[in-house]
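Visitor: Starting off with a structure, shown below.
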Amino acid sequence: MLLLLSAGLLLGSIFTLIVRRNRESLLLAALCLSLMVYLTGIMLLIAKQGGIGPDVEKFLFLSHRIRLWFQYRYVTFNQLGMWINLGRHAFPMVLLLMAEDRSMLQCIRKRPRAALWLTVSLPLLTVLGYLPPVYHELLEVWPAWRAVSFYFSYGWIVAYLAAAVFLLVWELFSITMHFFRRQFLMLVVCLVSLAVLYFIYCGQDPGQVYSFYSYDYIGIRGMGYMLLMPGLGFFIALVAVNVLGGLLGIGMLLRYTEDTLSPDREDAGLERKFDVARTGASVFVHGIKNQLLANRVLYKRIRAELDRPEPDMERLRSSVERLSEINDNLVSRSEELYRTVKSKSVLLVPVPLRQVCDLACDRFGKKYPEALLEVSLPEGVQILADENYLAEAIYNLMTNAWEANVAAGHDKSPVELMGHVARLYTVIEVRDHGKGIDEDEKRRIFEPFYSSKNTNFNWGMGLYHVRTIVRSHLGSMRVENMREGGADFYILLPRYDGRTRREGRHR
């Protein structure tokens with residue numbers, strides 16, 4: 001059972017490494033590999049020691065035949081000790097490295113190399129101290145080395161596990177955005193489950209293998225529960241903790257992989273669907289569509305006024321001026337979009353987040369002067385962006401949000417535009433108070449030419465256009481329904497750290 005759990009964890013981590021291929025998945029695979037190496041070494045030691053009860057034998061090896069297979073493998077104590085040496089001391093090191101990678105504490109983020117060397121130094125020194133030639137030589141010179149090496153290694157192992165769990169839990173409760181916390185919780189549960197599983201067995205050090213026949217080392221017995229013949233209740237609890245830790249680790253690992261992969265898979269699907277129409281014409285058409293529809297409304301008003309026996313010249317003059325303003329805006333927007341299509345690139349430069357959002361709000365106000373809008377943005381935050389095109393994306397989201405409010409009969413509720421700095425991202429949030437988005441529609445809303453609105457007035461390019469712009473900014477998008485109704489659209493942009501340096505130059 002124990003071997004199956006560790007093998008399942010290793011296969012799950014290898015799957016994650018294959019599909020994600022980043023530093024985090026590499027560390028996760030190394031973590032599961034080190035755990036499996038350590039547990040396999042312990043099982044070999046237990047099989048060769050013998051003297052275990054049938055319940056323990058079934059839990060560890062599933063059957064008597066498998067235990068015999070392990071027992072009669074040809075391996076020296078030095079080889080087995082070295083196997084345990086590598087697995088035992090690699091696991092806490094990799095676990096702490098993963099926790100440091102995820103931590104936003106400034107003492108770690110500002111000195112990543114120092115944190116790396118401090119994390120790696122103790123495990124490397126311990127592995128070197130437990131090399132068979134080194135260990136035996138030190139033991140000849142200093143007989144107390146057995147106890148010293150055990151308590152020293154066991155001490156820093158427990159400290160590493162505690163530090164890693166502390167960093168993970170601290171970071172979990174520091175996250176304020178719901179979907180970030182939900183995603184991170186899966187990783188925390190996975191890593192803590194593996195840490196608990198490892199902690200049960202981490203008392204088995206390589207020195208106990210090298211000194212297998214030494215009576216003066218009997219005070220340090222490693223996994224004492226294997227020798228004390230515990231009662232049935234203790235053994236059931238032990239099995240439950242092992243199984244629960246292993247299954248939680250496997251389950252959360254797969255869920256975390258699925259949750260982080262789904263946006264990339266959706267992007268790949270959208271790219272395939274839009275390959276044929278990716279010349280830029282669709283973006284151009286979407287940019288001018290709304291102005292043309294507004295022109296048609298003004299034309300109908302002018303025509304109706306002219307058909308009256310006594311036209312109201314003030315109303316006609318107002319409509320003509322509005323028509324002229326929209327046409328000027330149409331020409332300007334057409335030129336902008338033409339330049340975009342022609343250049344096929346965006347220019348990312350440091351720009352204040354508020355400046356981009358103010359531009360989006362100006363465009364939104366011109367289209368819907370009567371719309372209610374609430375804006376809440378952090379001060380002094382800068383992003384790397386093409387101001388004009390990112391503002392276009394935000395403006396589209398705000399337009400959709402107001403139309404969702406009106407469609408749900410909530411035209412007295414405002415569209416909310418918010419900004420957050422969360423972990424490695426600067427997040428732009430647009431919230432509506434409409435009816436929300438069902439799960440089937442949520443999977444399709446970013447597809448080109450898909451729209452749940454009247455297709456005579458909406459061509460279904462808006463959200464695809466938004467996502468295209470966000471992707472060109474090296475960002476991503478998320479959609480979440482709110483419990484009280486409505487939907488949240490999030491634009492996740494890589495966090496830009498140049499703000500502090502610029503402020504420092506002005507002081």
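All of the numbers you see were taken from the coordinates with simple rules; none came from a lab. A quick note: this is a predicted structure, and the numbers were derived from the prediction, not measured. Here the Cβ positions follow ideal geometry from the backbone for every residue, glycine too, while neighbour counts run over all protein chains shown.
Visitor: First measure r as the distance between the Cβ atoms of N329 and E441, then evaluate 1/(1 + (r/R0)^6) with R0 = 25 Å and state the FRET efficiency to the nearest 0.05.
Guide: With R0 = 25 Å, the Cβ-Cβ based efficiency is 0.20.
Visitor: Give the residue list of trypsin sites (Lys or Arg not before Pro) in the range 354-430 that are DSSP loop and have at most 13 other beta-carbon atoms within 10 angstrom.
Guide: Here the trypsin sites (Lys or Arg not before Pro) that fit, given the DSSP loop and packing criteria, are K412.
Visitor: Quick one: length gained pulling W142 to V297 fully straight, 0.36 nm per residue minus the C-alpha distance?
Guide: 46.4 nm
Visitor: So, by mean Cβ neighbours within 10 angstrom, what's the order for 81-91, 482-492 with the highest one leading?
Guide: So the order, starting with the most tightly packed, is 81-91, 482-492.
Visitor: Something else about it: Out of residues 5 or more away from A422 or on other chains, whose amide H comes under 5 Å of its own, with H placed 1.01 Å from N in the peptide plane?
Guide: Hits under the 5 Å cutoff: V427.
Visitor: I would also like to ask the following. If you average the C-alpha positions of the range 373-423 and of the range 150-191 separately, how far apart do those two centres end up, in angstrom?
Guide: 34
Visitor: Determine, for each peptide in 154-161, 73-80, the mean count of other beta carbons within 10 angstrom over its residues, then list the peptides with the highest first.
Guide: 154-161, 73-80
Visitor: How charged is the neighbourhood of A422? Take every other residue with its Cβ under 15 Å from the Cβ of A422, and add Lys/Arg as +1 and Asp/Glu as -1.
Guide: Result for the local shell: +2.
Visitor: Something else now. What ranking, highest mean first, results for peptides 428-440, 194-206 when packing means the other Cβ atoms within 10 Å averaged over each residue?
Guide: Values: 428-440: 19.2, 194-206: 21.9.
Highest to lowest by the protection proxy: 194-206, 428-440.
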